[in-house]
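Notes follow the structure.
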Amino acid sequence: MPSKYQPQVSCWREDLYKGVYTTQLPLSNNKKLRYANDDYCEFSRRTTGWGKIGRLITMICLFLTMVMILFVLYMVTPGIVEDEIRNKLILIPSCIVFIYVAYILIQLFFYLLYAPEDCPIRLNRKTGKVYIYDHFLLYFGAWSTFTRSPFRAKEITVKEFDWADIQGVMSSVSAPIASGGIVRTYRIECVVCKPNTTKVTDHFILSTHNCLTYDEWMWINSYMAFSDNNLDGELMPEDEFTWPIKVNWPEEIDKKSKASSLEEYQQIDAEYKKLGNK
């Protein structure tokens, strides 16, 4: 039976219950909780990542590979233009592929250079708002990877949604391994629907795991419903954020996401709209 949320996310597995979860043991946050108080909480969406040394080594390898590709193109292209090479039917497509690969490597290089170590999510239960801090290459392979300049890799996108419009789904991706068997990765994805409908307008990944787990989704649902008695409040260790580029929420979003009431949120929104009109 397909998902009731359409269009359906790829590799869909099941739709998740939205509401308070009651368990005998405290609801775990898988050490993804960065901060929480009575107004809002912030969750990490960081995967294992490269780490500082891993990033530097990968960047060096990518740089050397790009130099090699550009050198090959530099040596071959003049011969094609001047009609000195006979096998054009092979070399021209090969050069196009080389250029395409070099472009992807440049994208990845700038991603590793500028992307923050984490792209968190904030949820304010007093205002019912959800904020997504995103890097446009977070979902590597999206269409924007091929249409946007790699030099815009610094750009951070912050989206605001209503919690009432967000639903959870589980998806899974399987891949065979050389030694035999299958490796399966599970993802909790949040779909954003038009109010009071099941028509999906946007979606984002909440968490990714190698085993089937609903921990973060259950924790967030109970928190947003003010059901705090069974929530594990352990915060993730900050020393895991090793890359110098830190998460930096825009000032307006930072204030809105920390508002203690819907009235305070509306006041902040009005102030910034007024400043924007000047």
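Things to note:
- Qualifying residue in the stretch 155-162 (condition: over 27 Å from Q107 (Cα atoms) and either surrounded by 14 or more Cβ atoms within 10 Å (Cβ to Cβ) or hydrophobic (A, V, I, L, M, F, W, C) (or both)): yes
- Of all residue pairs spaced 6 or more apart or on separate chains, those with beta-carbon atoms under 9 Å, a first member in the stretch 95-110 that is at negative phi and part of a helix (DSSP H, G or I) and a second member that is modelled with pLDDT under 80 and among the charged types (D, E, K, R) are Q107/R148; F110/R152; F110/K154.
- Picking from residues in the stretch 25-45 that are among the charged types (D, E, K, R) and surrounded by 15 or more Cβ atoms within 10 Å (Cβ to Cβ), the one that is nearest to L235 (Cα to Cα) is R34.
- Residues of the stretch 169-191 that turn out to be basic (K, R) and farther than 30 Å from K129 by Cβ, as a count: 1
- Matching residues, the stretch 9-24, being without any contact (Cβ under 8 Å) to a residue 24 or more places away in the chain and surrounded by 15 or more Cβ atoms within 10 Å (Cβ to Cβ): none
- Within the stretch 12-25, if we keep just the residues that are under 21 Å from H209 (Cα atoms) and at pLDDT 90 or above, the residue that is nearest to the chain's Cα centre (by Cα) turns out to be W12.
- The stretch 188-208, residues that are without any contact (Cβ under 8 Å) to a residue 60 or more places away in the chain, surrounded by fewer than 18 Cβ atoms within 10 Å (Cβ to Cβ) and touching a strand residue (DSSP E or B) at 6+ places or on another chain (Cβ under 8 Å): K194, P195, T201, D202
The values are calculated or read from the model by the stated rules, or taken from the named source; none is laboratory data. The shown structure was predicted, so the numbers you read here are calculated from the model rather than taken from an experiment. Positions of Cβ are generated from backbone atoms using ideal geometry, with glycine treated the same way; all protein chains shown enter the neighbour counts.
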